[in-house]
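**Q** Below: one structure in structure tokens.
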Amino acid sequence: MRNPLCKRYPREFKKNAARYICTFLLLVITIIIGSGFLCVMEGVKYSLDEYLIENKVEDGYFETAFPLDDNVKSKLEEEDIVLSDNFYSTTEEFDGDTKVYVFNERKEMNLPAVFEGKLPNSPNEIAVDRLFAENHDISVGDSIELSKIKFTVSGTVSLPDYSSLFLNNQDFVMNPIGFGVCMVSEEGFERFDESTITYRYSYRHNDQNLSDKEKSDAANRIVRLLVDNGANVQEFLTSKNNQSISFVMNDVGKDGPVIEVFVYILVLIIAFVFAVLSAHTIEEEAPIIGTLRSMGYKKRELILHYITPPIIVTLLAAAVGNALGYTVMIEPFKEIYYKSYCLPPLTLQFNRAAFIKTTIIPVAIMIVINLVLLVNKMSLSPLRFLRKDLKKRKQKKAARLPNFKFTTRFRIRVILQNKGSYIILFFGIFLSSFLLMFGIGLKPLMDNYVDTIDDTLPYEYQYILKVPVEAEGGEKVLIYSLETAYYMTGSNVEVTFYGIQEDSKIFDGFTIPTEQNHIVVSDSLAKKLKVNAGDEIIFEDTVYEKKYTLVVDEICPYTNNLGAYMSINQLCKLLEKDAGTFNCYVSQEKLDIDDAYIAKFMDRKDFLGAAKQMMVSFEEVIAVMNVFSVFAYLVLMYLLTKIVIDKNSLYISFMKVFGYEKTEIRKLYLDASAIVAMVSLLVCLPLEAYLFKMVMEYISSLIEGYVYFYMPVWVYAEIIVIGAVSYFAINALHMQKVKRIPMNEALKNRE
Amino acid sequence: MKIKVNDVHKFYGSGDSRVEVLRGINCEIRDGEICVLLGPSGSGKSTLLNIIGGIEAADAGCVDIGEDCTKNMNEKELTLYRRNHLGFVFQFYNLVPNLTLKENIEVCAYLSKNPLDIDELLKTLGLYEHKDKLPSQLSGGQQQRCAIGRALIKNPSILLCDEPTGALDYQTSKEILSLIEQVNKKYRNTIVIVTHNDAIKNMANHVLKMRDGMIVSDYVNENPISAGQLEW
């Protein structure tokens, strides 16, 4: 015989439809986000791994002021590497202020993957990066003009050495709108003026099983070999340190745990919501449970009975969430990656790990939490249930309250009675508000980041030179990169050293140290490394295997990069270079320098552009996040505050009999919940801000820069307003319920 | 099934507030009889019933049910004892609100290997035409009849009734007592009724009067009258 108690389930679902629909929807959305995102993420990872192997991504590159001669090339190839020219022309004038690198045809490494159309095979054809094409409305067959040369777009592609469009390796974020890459045929590349070409050489180890250490050692040997042979190396990056290659790998991998934690926290909250609801049901049905236990029902049978509805809802939500996550939600989640990165076509596979993480673990969380509660509750004797005496610890005396007025004391009693629900409500509000803070606060944070750079950037133009040439109007600077240990990751971060004139008119606001081994560090570096004036920092020159211990004199307000500043003479001395050596000009006006001598040119908009573009790729995610957090607010507030009314419906009925009016009843019961909700909202704000700051610290640890935490007061105000409006909308619903509680309930229930 | 209570003591509270609610109870309830446990509030009659039913433990002494002693049973064995031998009827009916009357009775039929025929029992209880109604659609008497049906469906050898008419009016109370009498005749189960209504003793075969945790009177009623004739 099937247990007749099972017949309660459909009726229970019907009776408490709102409760189950709300938790079901919240779970479905959570699981959709989890499964859809993890499925796409794993698909992207898989596709990317395959792509980088099959399309032979480089292990590193270097750029030289002039082309290498064959003798140096053959010496380099003795390092067991394949060396390949990867020259590009820089065009400035595309679509207003967009910078485009047009690469020469690739044959040995960094081979393009075609999305649409074909690779260029005539001098007039060009293949455009897929993301760049989408951002600039370029289609196959369109005609575009770069450096005043007309090309026809033969196809859209992705280049494995530019899966993320970083214009500069030290940029905080990618810049898929202000920067793009293209590829032309060899004949097409000859159409560009020699002065616009950068001589980049990519290399790839013949042995692809080298360790990171072996690759790093090989990189050092390559640089030394280049320098020893007179090559003027402008830039050297291994693919591990090259954000354009490594960023997507780090980002795709790092998103997973964040999403998993998000799913688990939400499932945990929903599990606790179910636990609170089950506890309420058990309290309500205590005499029935006592009767059934008296008749011989085993604890196990009743635990199974009460745990079944949350499990049914979770399993159903998992099935629907997975079905939607793996089908209709693939495209939106794919967009998140494909709007940010230049990735190869996506190959989706069923992912067992994602299934376990988004389905098995949430169901397990739900079972464990509810099982612990039910086992605990059911451990009481049948008699205790019959007597409705479910308190584990006997409450000997009522909590003593100060001599507040009656309504205040009453509300405090309601809060004490429902403290379990209110604790869960607090965590629910914390999580929802945090998501909301992320959604609302990210834009002002990014704007502030851009504004801070704009305010503190001391110059308008920066010219990195191929050879030191004289130019009027600029200040000579020696730029050099050293590394230092970063406590958060255990690996090194790159710090840009600026050797500046002692009487500099551009770098002002601090005293340029003239003492040996003394530096001024930028605010972003000081914050990232957590150093103060007077501290010592050990820097390392990985090429020449030298270490320098330098003392921080002062912290200057610059935020555009991780920079260290000292007098040019002291830097020359430190690096054992001839006095007066320089490789860069900075200026407030454009300088008259022949393009042939400029290795890299950057102006203010290049420094600011990337950060500005970040919000574009985040807009949809933020919108989803905001909608979801408001929905979570509504559901959690509705479920948890409704318990207060359900628990007290008999007493509310009594109140009506006594002659209390609806508004008075609201003041006693609903205002207690309102106070808890509003206090939770306020108390959570500083905690959320602290967590947000931690998240920013974590993000800063992943990038070659430092993100400042900034949260204007209006963000807090907006969160409070949204929270309050959500609560009062729910409150209005509860008022309707209070109105419907009949007076005869008090007279019927004589127990 | 015979019930033998041997020197049962029960205390509540501790320290200065420790109260002895049962002070060495000894009695024997014979197989198939209706035994009424009579006494004022606080006399310890419900506590004794709960100890017989294995939902409360005696602090001293023991209760023998047939050949078994409840004192030696662990929690699991007590559950099985209740499952296999006992039926409970309480003052408040404690029916599952979202199950129909028939389903409420089925809840306990599920526990038995040889349950009685539900439809026949419903007819005996006079509830057949109401079998598909929810408890909230019925009167208190009908709900109590259903609670009795729920206790009887397992065909238990012992039926323990704690103030079964406590929440009912005069006429309905008499109907319920008649039903209990009818059940006893039909199924021959041992029935223990806890009540503070002195009139009910007249329908019993065996009367135990309690006061202050002690049995003050224990006698066999040689001439029980039918429940329908009871008056109070």
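**Q** Let me test this: with uniform point scatterers at the alpha carbons of region B:1-103, what is the Debye-based log₁₀ I(q)/I(0) at q = 0.10 1/Å?
**A** -0.33
**Q** If you don't mind, there's one more thing I want to ask. Taking the Cα atoms only, what angle lies between the long axis of helix A:671-702 and the longest principal axis of chain A, rounded to 10 degrees?
**A** Around 20 degrees separate the two axes.
**Q** Can you give the convex hull volume per residue for the Cα atoms of region A:548-707, as a whole number of Å³? Could the numbers behind the result be given before it?
**A** On the way: hull volume 35.2 nm³, N = 160.
Here the figure is 220 Å³ per residue.
**Q** Given the protein chains as shown and a 1.4 Å probe, how many square angstrom of B:C69 are accessible, to the nearest 10?
**A** Only protein atoms counted, so the area is about 30 Å².
**Q** Let me confirm one metric for peptide B:111-117, namely the mean number of other chain beta-carbon atoms within 10 Å of its residues' beta-carbons.
**A** 2
**Q** Would you kindly state how much longer the chain becomes between A:T514 and A:E545 on full extension, computed as 0.36 nm times their sequence separation minus their alpha carbon distance, in nm to one decimal?
**A** The A:T514-A:E545 span can extend by a further 8.7 nm.
**Q** Hey, could you pull the Cα Rg and Dmax for region A:275-334, both in Å?
**A** Values for region A:275-334 (Cα only, Rg and Dmax): 17.9, 57 Å.
**Q** Can you compute 3J(HN,Hα) from phi for each residue in region B:33-44, using the Karplus curve 6.51 cos²θ - 1.76 cosθ + 1.60 with θ = phi - 60°, rounded to whole Hz and x for Gly and Pro?
**A** Result, rounded to whole Hz: 8, 9, 10, 9, 9, 10, x, x, 4, x, 7, x.
**Q** Within 10 Å of each Cβ in B:88-101, how many Cβ atoms from other chains are there, averaged over the peptide?
**A** Going residue by residue through B:88-101 and averaging, the value is 5.
**Q** Take the eigenvalues of the Cα gyration tensor for chain A, scale each by 5, and report the square roots as semi-axes in whole Å, largest first.
**A** Each semi-axis is √(5λ); the values are 62, 30, 23 Å.
**Q** May I pose another question? Based on the Cβ-Cβ distance from A:L702 to A:A579, what FRET efficiency comes out when R0 is 35 Å, to the nearest 0.05?
**A** 0.35
**Q** Are there any GluC sites (Glu not before Pro) in region A:682-717 that are in a DSSP loop and have at most 10 other Cβ atoms within 10 Å? List them by number.
**A** Within region A:682-717, no GluC sites (Glu not before Pro) qualify (loop, at most 10 other Cβ atoms within 10 Å).
**Q** Now for a separate question. Would you mind giving the mean number of other chain beta-carbons within 10 Å of the Cβ of each residue in B:139-151, as a whole number?
**A** 1
**Q** Please report the Cα spread of region A:399-552 along all three principal axes, rounded to whole Å, starting with the longest.
**A** 84, 34, 28
**Q** Among A:A113, A:G188, A:P67, which residue has its Cα positioned farthest towards the positive end of the charge dipole of the protein assembly as shown, with +1 placed on the Cβ of Lys and Arg, -1 on the Cβ of Asp and Glu, and the dipole taken about the Cα centre?
**A** It is A:A113, whose Cα lies furthest towards the positive end.
**Q** Write down the Å³ per residue value for the convex hull defined by the alpha carbon atoms of region A:337-394.
**A** Per-residue hull volume (Cα only) is 151 Å³.
**Q** Just to be sure I understand: if I project the alpha-carbon convex hull of region A:192-335 onto a plane and average over all orientations, what area do I get in nm²? Walk me through the numbers before you get to the answer.
**A** Numbers: hull surface 68.8 nm².
Spelled out: convex hull of the Cα atoms, projected over all directions, averaged, 17.2 nm².
**Q** Right, here's the next one. Evaluate E = 1/(1 + (r/R0)^6) for A:A732 and A:E664, where r is the Cβ-Cβ distance and R0 equals 22 Å; express this FRET efficiency to the nearest 0.05.
**A** It comes out at approximately 0.80.
**Q** Just grab the label-to-label distance for A:I622 and A:Q501, each label 7 Å out from Cα along the Cβ direction, in nm (one decimal).
**A** 4.1
**Q** Counting other C-beta atoms within 10 Å, and keeping those with at most 12, which DSSP coil trypsin sites (Lys or Arg not before Pro) do you find in region A:1-55?
**A** Within region A:1-55, the qualifying trypsin sites (Lys or Arg not before Pro) (loop, at most 12 other Cβ atoms within 10 Å) are A:R2.
**Q** As I understand it, the value is the acute angle between the Cα axis of helix B:75-85 and the longest principal axis of the Cα atoms of chain B; what does it come to in degrees, rounded to 10?
**A** That helix lies at roughly 50 degrees to the long axis.
**Q** What's the longest piece of chain B with no exposed trypsin sites (Lys or Arg not before Pro), counting a site as exposed if DSSP puts it in a loop and it has at most 10 other beta carbons within 10 Å?
**A** Working: sites that count: B:R18, B:K113.
My reading of the result: B:114-232 is the longest stretch.
**Q** Now a separate question. Among A:F426, A:N16, A:T559, which residue has its Cα furthest toward the positive end of the charge dipole of chain A, with +1 on Lys/Arg Cβ and -1 on Asp/Glu Cβ?
**A** A:N16
**Q** I've got another one for you. Just from the alpha-carbon atoms, what are the Rg and Dmax of region A:494-578 in angstroms?
**A** When restricted to Cα atoms, region A:494-578 yields Rg and Dmax of 12.0, 34 Å.
**Q** If I stretch the segment between A:A717 and A:K73 completely, what's the gain in nm (0.36 nm per residue apart, minus their alpha carbon distance), one decimal?
**A** Result for the pair: 225.6 nm of gain on full extension.
**Q** How large is the dipole of the protein assembly as shown about the Cα centre if only Lys and Arg carry +1 and Asp and Glu carry -1, each at its Cβ, rounded to the nearest 20 debye?
**A** Roughly 9600 debye for the protein assembly as shown.
**Q** Treating only the Cβ of Lys, Arg, Asp and Glu as charged (+1, +1, -1, -1), what charge dipole size does region A:353-422 show about its Cα centre? Round to the nearest 20 debye.
**A** Using only the charged Cβ atoms, the result is roughly 680 debye.
**Q** Once you put a point 7 Å from the Cα of B:E77 and another 7 Å from the Cα of A:L371, both along the Cβ direction, what distance in nm separates them?
**A** 2.8
**Q** Can you tell me the Rg and the Dmax, both Å, for the Cα atoms in region A:215-256?
**A** Considering region A:215-256 through its Cα atoms, Rg and Dmax are 14.0, 46 Å.
**Q** Evaluate the Kirkwood expression for the hydrodynamic radius of region A:13-103, namely the inverse of the mean inverse distance over all pairs of different C-alpha atoms, and round to one decimal in Å.
**A** Hydrodynamic radius (Kirkwood, Cα only) of region A:13-103 equals 19.1 Å.
**Q** Right, next: What does a probe at B:N84 reach in region A:266-297, counting residues whose amide N is under 16 Å from the point 7 Å along Cα→Cβ?
**A** Counting backbone N atoms under 16 Å from the label point, the list is A:295-297.
**Q** Going highest first, how would you order A:33-44, A:77-88 by mean Cβ packing within 10 Å?
**A** A:33-44, A:77-88
**Q** Taking the radius of gyration and the Kirkwood hydrodynamic radius from Cα positions alone, what is the Rg/Rh ratio for region A:468-627, to two decimal places?
**A** Expressed as Rg/Rh, it is 1.02.
**Q** Can you work out the base-10 log of I(q)/I(0) for region A:255-309 at q = 0.20, 0.22, 0.30 1/Å, using the Debye formula on its C-alpha atoms alone?
**A** -0.75, -0.83, -1.13
**Q** Give me the extension gain from A:L304 to A:D671: residue separation times 0.36 nm, minus the current Cα-Cα distance, reported in nm with one decimal.
**A** 128.5 nm is the gain from fully extending A:L304 to A:D671.
**Q** Considering only DSSP states other than H, G, I, E and B, which trypsin sites (Lys or Arg not before Pro) in region A:412-521 qualify as loop sites with at most 15 other Cβ atoms within 10 Å?
**A** A:K505
**Q** Now, a different point. What angle, in degrees between 0 and 90 and rounded to the nearest 10, separates the Cα long axis of helix A:212-228 from the longest principal axis of the Cα atoms of chain A?
**A** For A:212-228 against chain A, the angle is about 20 degrees.
**Q** Another question, then. Any of A:K642/B:K76; A:K405/A:K662; A:K99/A:K150; A:K298/B:K102; A:K419/A:K656 with alpha carbons more than 27 Å apart? Name them for me.
**A** A:K642/B:K76
**Q** No solvent, one uniform scatterer per C-alpha: report log10 I(q)/I(0) for region A:672-751 via the Debye equation at q = 0.20, 0.22 1/Å, two decimals.
**A** -0.94, -1.01
**Q** Still on this structure, please answer the following. Nearest-5 percent of antiparallel DSSP beta bridges in chain A?
**A** In chain A, DSSP labels about 75 percent of beta bridges as antiparallel.
**Q** I've got another one for you. Give the residue from A:F497, A:N370, A:C684 lying farthest towards the positive end of the charge dipole for the protein assembly as shown; charges sit on Cβ (+1 for Lys and Arg, -1 for Asp and Glu) and the dipole is referred to the Cα centre.
**A** Toward the positive end, the furthest listed residue is A:N370.
**Q** Could you compute the FRET efficiency for A:L591 and A:L457, with r as their C-beta to C-beta distance and R0 at 25 Å, rounded to 0.05?
**A** 0.90
**Q** Suppose every K and R has +1 on its Cβ and every D and E has -1 on its Cβ; what is the size of the dipole of region A:150-211 about the Cα centre, in Debye to the nearest 20?
**A** In debye, rounded to 20, region A:150-211 gives about 160.
The values are calculated or read from the model by the stated rules, or taken from the named source; none is laboratory data. Keep in mind it's a predicted model, so treat the numbers as computed, not measured. Because the Cβ atoms are built from the backbone with ideal geometry, glycine has one as well, and the counts that use them run over all protein chains shown. We work out accessible area using only protein heavy atoms, side chains counted, and drop any ligands, DNA or RNA first. Shrake-Rupley method; radii C 1.70, N 1.55, O 1.52, S 1.80 Å.
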